[in-house]
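Worksheet: the structure to be examined is printed underneath.
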Amino acid sequence: MVHILKRIFCAGVLICVGILRTSAASLSLPPAPYSYTVLDQDLAAALQEFGNNLNIRVNVSADVRGRIRGRMPDLPPREFLDRLTALYNLQWYYDGLVLYISAAQEAQSRLIVLNPISFDALKAALDALNISDERYIVKPAPGEGLILASGPPRFVALVDQTLKGLVAEAQARRSPAAERSQHESVLMLFRGSSSTVFRDGRPEASPETPLHGGAVREAGPGQK
């Protein structure tokens with residue numbers, strides 16, 4: 001959670017200076033064609049080798065299965081990756097540190113409670129942290145304070161973690177006075193036409209309230 005809060009703080013700084021990006025972390029790959037010749041190789045092993053050859057950390061899901069047979073055409077690395085994901089029904093997501101590759105069947109669609117954070121605040125944080133990806137969905141859902149996040153598991157998990165970080169930050173910013181007011185004890189003591197308010201066991205001045213006979217009454221919620 002501390003890590004997420006640090007990222008949220010950085011997002012706030014970026015938002016304040018107006019530096020917002022609408023795409024995921026950039027996967028920088030060289031433009032030169034990626035030559036890869038294979039006769040018969042496990043798909044997951046080929047993807048790991050792809051990352052090793054380009055000095056990129058790769059996390060391949062256990063659900064990625066299949067074999068590559070025959071020679072792949074010489075393509076720029078990004079096109080090579082996209083070709084494999086299209087041929088073998090995969091999805092990939094780069095979070096700035098690791099390239100996550102998963103089977104399309106692992107894609108998640110999750111309804112997430114948004115309150116008390118606004119959708120605009122969440123979207124701005126996702127953009128500033130380079131989590132947003134135009135290929136995958138984060139949008140308001142029908143209902144009160146709900147969003148729909150859809151995409152590979154890593155993408156959906158980052159959306160959820162970012163929202164939790166924003167909620168934690170909002171709670172940390174709550175004023176001590178507001179926090180105390182929710183837990184303080186208020187007692188009103190009436191004697192004849194006079195009244196005394198005891199707040200957390202301490203008497204304080206209170207407007208006179210006519211009432212016949214002595215009575216003690218607990219103040220209702222929000223009553224001062």
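Values in this text are rule-based calculations from the coordinates and carry no lab data. Everything numeric here is computed off the predicted structure, so don't read it as measured data. Heads up, the Cβs are rebuilt from the backbone with ideal geometry, glycines too, and the neighbour counts pull from every protein chain shown.
A few notes on this one:
- Sorting K123, K139 from the fewest to the most surrounding beta carbons within 10 angstrom yields K139, K123.
- Working from label points 7 Å from Cα in the Cα-to-Cβ sense, the R78 to A107 distance is 2.1 nm.
- Residue separation of A62 and E144 scaled by 0.36 nm, minus their Cα-Cα distance, works out to 25.9 nm of gained length.
- Proxy reagent accessibility, fewest Cβ within 10 Å first, across I131, I117, I137: I137, I117, I131
- Each Cα pair under 8 Å and six or more residues apart adds its separation to the average, and for segment 40-105 the resulting relative contact order is 36 percent.
- Ascending count of other beta-carbon atoms within 10 Å, so fewest first, for Y36, Y93: Y36, Y93
- Backbone N within segment 76-112 under 17 Å of label point (7 Å from N52 Cα along the Cβ vector): 99
- Here r is the Cβ-Cβ distance between Q161 and R69 and R0 is 41 Å; the resulting FRET efficiency, rounded to 0.05, is 0.55.
- Long-range HN-HN contacts of V58 with modeled amide H, under 5 Å: L99
- Per-q log10 I(q)/I(0), segment 40-105, q = 0.14, 0.18, 0.19 Å⁻¹ (Debye; single scatterer per alpha-carbon; no solvent): -0.36, -0.61, -0.69
- Here the Karplus relation 6.51 cos²θ - 1.76 cosθ + 1.60, evaluated at θ = phi - 60°, turns the backbone of segment 59-73 into coupling constants of 10, 9, 5, 5, 7, 7, 10, x, 9, 9, 10, x, 7, 7, x Hz, with x for every Gly and Pro.
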